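Remarks on the structure that follows.
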Amino acid sequence: MFDADLTACAGIVERGDPDRFAATMAAPVAARLKLFPIYAFNVEVARAPWVTQESMIAEMRLQWWRDVLEEIAKGGPVRRHEVATPLAKVLKPDMARRLDAAVEARRWDIYRDPFEDRAAFRGHVENTSGLLLLAAARALGEVEETPVLKAGYALGLCNWLRAVPALERAGRVPLFDGRPEAVRALAEEGLAALAEARGAGLPRTVRPAMLALWQVEGLLTQVIRDPGAVAEDRIALSQFRRRFGLMVKAVLGRW
């Protein structure tokens, strides 16, 4: 049942992450109750570095969420908050500990330093998108970790490539190598990770969490065909393809 906190979480996701909102609304109601708090947490953490120009304040905002995760991990009382309260009900202690790395990774957004190398970039995507998807899947049922992390990495790469123009306008250096051939290689790497994850045969119970990937194959295929579209902000599916694709995957239980 959606209470005031869950309704608030859904609103946060709808405004801050419309693609995950659409995917969650295509999932069964029982899954939505668990997914919305996790995705609302992600929105709040992701935007924390951007709501202020003061790096110290941004650091404090991120630390607040690290403290929330620590409270959940310890299994004791958790501070009252429209996201933290329902999050504590769906997030297991071990997953709360793991998500600390996702919050720590968001410190990159506060500053303007480029990634040191390919490994640093990959770690950022894995710790944000990969761990988020793992938390969402494990809130729904038991699942093997490796394929979910691979799927999360594919989703993270896709979303990152879509965000490149906005990050550049904000003064960040989002790609360690922005050459077309390097961008194409990233998209190919994402598709390979997606194929590996699909081949693992995840249990039906966690598939509502995997609906968040409904656009990944189509978008990464676009990048492979036309890597210049990333810098030109032309990576998108048509409205019909988005809606029809999500509907079909939700009905058939695919992702």
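Here are a few things to note about the model shown:
- Applying the set (1) within 18 Å of the chain's Cα centre (by Cα); (2) open to solvent by 20 Å² or more (accessible area, probe 1.4 Å) to Glu144 leaves exactly one unmet item: (1).
- Leu35 vs. criteria farther than 29 Å from Met247 by Cβ and under 20 Å from the mean Cα position of the chain (by Cα): no
- Exactly one residue out of Gly11, Gly16 is open to solvent by 10 Å² or more (accessible area, probe 1.4 Å) and within 15 Å of the chain's Cα centre (by Cα), and it is Gly16.
- Out of Leu211, Leu191, one residue alone is open to solvent by 40 Å² or more (accessible area, probe 1.4 Å), more than 25 Å from Arg112 (Cβ to Cβ) and at pLDDT 95 or above. It is Leu191.
- Any pair with Cβ under 6 angstrom, 6 or more apart, that starts in the stretch 232-246 at a residue that is free of Cβ contacts under 8 Å to residues at least 60 places away in the same chain and ends at one that is open to solvent by less than 50 Å² (accessible area, probe 1.4 Å): Leu237/Gln215; Leu237/Gly218; Gly245/Trp214
- Qualifying residue in the stretch 196-214 (condition: over 20 Å from Ala135 (Cα atoms), small (Gly, Ala, Ser) and touching a Leu at 6+ places or on another chain (Cβ under 8 Å)): no
- Single condition Gly201 does not satisfy, out of (1) of a type outside the set (Ser, Thr, Tyr); (2) open to solvent by less than 20 Å² (accessible area, probe 1.4 Å); (3) assigned to a loop (DSSP other than H, G, I, E, B): (2)
- For the stretch 41-98, a residue qualifies if it is open to solvent by 10 Å² or more (accessible area, probe 1.4 Å), within 21 Å of Leu131 (Cα to Cα), of a type in the set (Gly, Ala, Ser) and in contact (Cβ under 8 Å) with a residue 24 or more places away in the chain, and the qualifying residues are Ala46, Ala73.
- Only one of the numbered conditions (1) aliphatic (A, V, I, L, M); (2) part of a helix (DSSP H, G or I); (3) at pLDDT below 95 is violated by Val223, and that is (3).
A quick yes/no check of all residues on (1) in a helix (DSSP H, G or I); (2) in contact with a Pro (Cβ under 6 Å, 6 or more places away or on another chain); (3) surrounded by 14 or more Cβ atoms within 10 Å (Cβ to Cβ); (4) of a type in the set (Asp, Glu):
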| position | (1), (2), (3), (4) |
| --- | --- |
| Gly156 | yes, no, yes, no |
| Leu167 | yes, yes, yes, no |
| Pro174 | no, no, yes, no |
| Gly178 | no, no, yes, no |
| Ala185 | yes, no, yes, no |
| Thr205 | yes, no, no, no |
| Leu219 | yes, no, yes, no |
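- Flag if Val173 is more than 19 Å from the chain's Cα centre (by Cα) and farther than 18 Å from Ala236 by Cβ: yes
- Residue list for the stretch 228-255, restricted to those being under 28 Å from Ala200 (Cβ atoms) and either assigned to a loop (DSSP other than H, G, I, E, B) or among the hydroxyl-bearing types (Ser, Thr, Tyr) (or both): Ile235, Leu237, Gly253, Arg254, Trp255
The values are calculated or read from the model by the stated rules, or taken from the named source; none is laboratory data. All of these numbers come straight from a predicted model, not from anything done at the bench. Neighbour counts are summed over all protein chains in view; Cβ atoms, including those assigned to glycine, are modelled from backbone coordinates with ideal geometry. Quick note on the areas: whole protein, heavy atoms, side chains included, nothing else; ligands and nucleic acids left out. Shrake-Rupley method; radii C 1.70, N 1.55, O 1.52, S 1.80 Å.
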